[in-house]
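S.K.: Here's a structure for you.
The values are calculated or read from the model by the stated rules, or taken from the named source; none is laboratory data. The structure presented is a predicted model; accordingly, all values stated were derived computationally and were not measured. Positions of Cβ are backbone-derived with ideal geometry, glycine not excepted, and every protein chain shown enters the neighbour counts.
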Amino acid sequence: EYHPDLCSRVPYTYIAFVGVCLAISLCGLVGNGMIMWFLGFQMKQNPFTVYIRNLAVADFSLLLLFFMLLLDPLIFAAFCTSLLYFLYQNWRLAFTFHFLYQLFDLSSLVLLTALSVDHCVSVL
């Protein structure tokens, strides 16, 4: 039975797209890391900076998770092994990744809502 080599069939445009997404997420990681450092150690704490710092932590965590998942196509193209195959085999790890994605995404949305409500209340 013939099984085609899946590694040779990975399109270069897909690898380029993943590379661009990795570069964008890396820029976001650096930016959110700088915000966390600046607001955590360089500025005096007030309720507004606490909201922004917590939002930066949630976004940093979500981008780190995306970065790890975006590395999978590059690892597959280079070594013909896939992290996603390992995740499907290990359901606890897949559940953990999905739970963390939901947690970080929803915490970002809740913090943005709290920040908006805080601004609206302060204007009134």
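S.K.: Can you name every one of the helices (runs of 4 or more DSSP H) wholly within the range 42-124 that holds 3 or more residues which are polar (S, T, N, Q)?
M.R.: Values: elements: 47-79, 83-89, 91-123.
Of the helices (runs of 4 or more DSSP H) lying wholly inside the range 42-124, those with at least 3 residues that are polar (S, T, N, Q) span 47-79, 91-123.
S.K.: Give the residues of the range 36-52 that are under 18 Å from Asp118 (Cβ atoms) and either more than 23 Å from the chain's Cα centre (by Cα) or β-branched (Val, Ile, Thr) (or both), sorted by residue number.
M.R.: Initially, the range 36-52 is screened for residues under 18 Å from Asp118 (Cβ atoms), giving 39, 43-52.
The answer is Met43, Lys44, Gln45, Asn46, Pro47, Phe48, Thr49, Val50, Ile52.
S.K.: For Leu83, only one of the following conditions fails: (1) in contact with an Asp or Glu (Cβ under 8 Å, 6 or more places away or on another chain); (2) modelled with pLDDT of 85 or more; (3) within 29 Å of Ile15 (Cα to Cα). What is its number?
M.R.: Of everything listed in (1) in contact with an Asp or Glu (Cβ under 8 Å, 6 or more places away or on another chain); (2) modelled with pLDDT of 85 or more; (3) within 29 Å of Ile15 (Cα to Cα), Leu83 misses just condition (2).
S.K.: Select from the range 88-124 the residues that are loosely packed, with under 14 Cβ neighbours inside 10 Å and of a type in the set (D, E, K, R) and list them in ascending order.
M.R.: Arg92, Asp118
S.K.: Do the conditions hold for Ser25, that is, is it polar (S, T, N, Q) and under 30 Å from Arg9 (Cβ atoms)?
M.R.: Values: polar (S, T, N, Q): yes; under 30 Å from Arg9 (Cβ atoms): yes.
Yes; evaluated as a whole, the condition is true for this residue.
S.K.: OK, next. Regarding the range 23-42, can at least one residue be identified that is free of Cβ contacts under 8 Å to residues at least 24 places away in the same chain and either among the polar types (S, T, N, Q) or touching a His at 6+ places or on another chain (Cβ under 6 Å) (or both)?
M.R.: Initially, the range 23-42 is screened for residues free of Cβ contacts under 8 Å to residues at least 24 places away in the same chain, giving 23-24, 27, 30-31, 34-35, 37-42.
Subset that is either among the polar types (S, T, N, Q) or touching a His at 6+ places or on another chain (Cβ under 6 Å) (or both): 42.
There is at least one residue in the range 23-42 that is free of Cβ contacts under 8 Å to residues at least 24 places away in the same chain and either among the polar types (S, T, N, Q) or touching a His at 6+ places or on another chain (Cβ under 6 Å) (or both).
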